[in-house]
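Coordinate-derived values only; no laboratory data. Quick caveat: nothing in here was measured; it's all calculated off a predicted structure. FYI the Cβ positions are ideal-geometry reconstructions off the backbone, even for glycines, and counts take in every protein chain you see.
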Amino acid sequence: MTNTTSYGDEVAVVTVTYFPGETLGRFLDTLEKATDRDVQVVVADNASTDGAPEQAAERDNVKLVSIGENVGYGTAANRGVAALDERFGWVVVVNPDLEWEPGSLEELLEVAKRWPRGGAFGPLIHDLDGTVYPSARLLPSFGRGIGHALFAKVWPSNPWTRDYRQENATPVERTAGWLSGSCQLIRREAFDSVDGFDTRYFMYFEDVDLGDRLAKAGWLNVYAPSSSVMHIGGAATSQASAKMLRAHHDSAYRYIADRHQGLLWKPVLLAVRLGLKLRVKLETRKG
């Protein structure tokens, strides 16, 4: 896709909601301290009925895009971005179960100035207890991805998972294969150049796929740990863990199959599909 739109320098935040509860209010409260700029917020809601998106839309800077059904994360994010006019050349796509550190969004924008070919920028993400989440990772090559998928639960310290997650990497500003979709500042020109998120992914791996396609289009995925946010996590997915586990494995298979096509790969992909289905059964039974 060739983008002919000339965007301005304003920044918007698009958050995808699905029964976000009280986390959405805290998200918006902390966003006010993340930058001194006027930030437009778009809440792209996947048919929540808890009233939180409507309550958020009462704020002056919040626009609600009611989708009416659960279309998944990437599709909803695309619709939220599409609701913005050309003034907004920067878009943060972010989960609502996240709290901003003071100045964190402003710092992301400062980092972006240093990377003119940066398409996406991800902050350091930490949990409630301060544990740093490995949010800037290598792309899952066939061997690395399968090793991680098969052994991550039973052998957490396995070499494939350590390599993939880049957990031992020093948190310094650097390029990455992909960035966690829980919080990314995205150059809208770059987002348009790859047609946004692939809508075939309902949930999970849409951020991995985006990072890969941005890189193939000549953009960089940049880890910016000088900006820090806290991710609460699990507000929506905890309601349907078995369904989300199946969605994760379906997305993992789609990502691998898209990149390994042809007759020679079919037996291997069949084995991968069967292995992932077995893992879903075992994990669901355990749960």
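How large is ³J(HN,Hα), in whole Hz, for each residue of segment 55-71 in order, when computed from phi with the Karplus curve 6.51 cos²θ - 1.76 cosθ + 1.60 and θ = phi - 60°, using x for Gly and Pro?
Result, rounded to whole Hz: 5, 5, 5, 6, 6, 4, 9, 10, 10, 9, 10, 8, 7, x, 7, 8, 9.
List every residue whose amide H lies under 5 Å from the amide H of Tyr133, counting only residues 5 or more places away in sequence or on a different chain, with H placed 1.01 Å from N in the peptide plane.
Ile125, His126, Asp127
Residues with beta-carbon under 13 Å from that of Asn46, excluding Asn46: net charge, scoring Lys, Arg +1 and Asp, Glu -1? Mind dumping the intermediate values first?
Values: positive: Arg79; negative: Asp45, Asp50, Glu69.
Spelling it out: positives minus negatives among the neighbours equals -2.
Note down the magnitude of the dipole of segment 1-136 about its Cα centre, charges +1 on Lys and Arg C-beta and -1 on Asp and Glu C-beta and zero elsewhere, to the nearest 20 debye.
Numbers: 10 positive and 23 negative charges, 121 e Å.
It comes to approximately 580 debye.
Give me a comma-separated list of calculated 3J(HN,Hα) values for segment 120-127, in order, Karplus coefficients 6.51, -1.76, 1.60 applied at θ = phi - 60°, integers in Hz, x for any Gly or Pro.
Listing the rounded values in order: 9, 10, x, x, 5, 10, 10, 7 Hz.
Would you pull out the residues with amide H under 5 Å of Val42's amide H, same chain only if 5 or more places away, H placed 1.01 Å from N?
Residues meeting the amide H criterion: Val13, Val14, Thr15, Lys63.
Taking θ as phi - 60°, what are the ³J(HN,Hα) couplings along segment 218-226 by the Karplus curve (6.51, -1.76, 1.60), each to the nearest whole Hz, with x for Gly and Pro?
x, 9, 10, 9, 10, 7, 10, x, 5
As an exercise, use a Förster radius of 41 Å and the Cβ-Cβ distance of Glu106 and Trp265 to find the FRET efficiency, rounded to the nearest 0.05.
0.35
Long-range amide H contacts for Phe19: which residues qualify at under 5 Å (H placed 1.01 Å from N, peptide plane, sequence gap of 5 or more or a different chain)?
It is Ser48, Thr49, Asp50, by chain and number.
Within a 10 angstrom radius of the beta carbon, how do Thr131, Thr15 rank from fewest other beta carbons to most?
Numbers: Thr131 8, Thr15 28.
Least to most surrounded, the residues fall as Thr131, Thr15.
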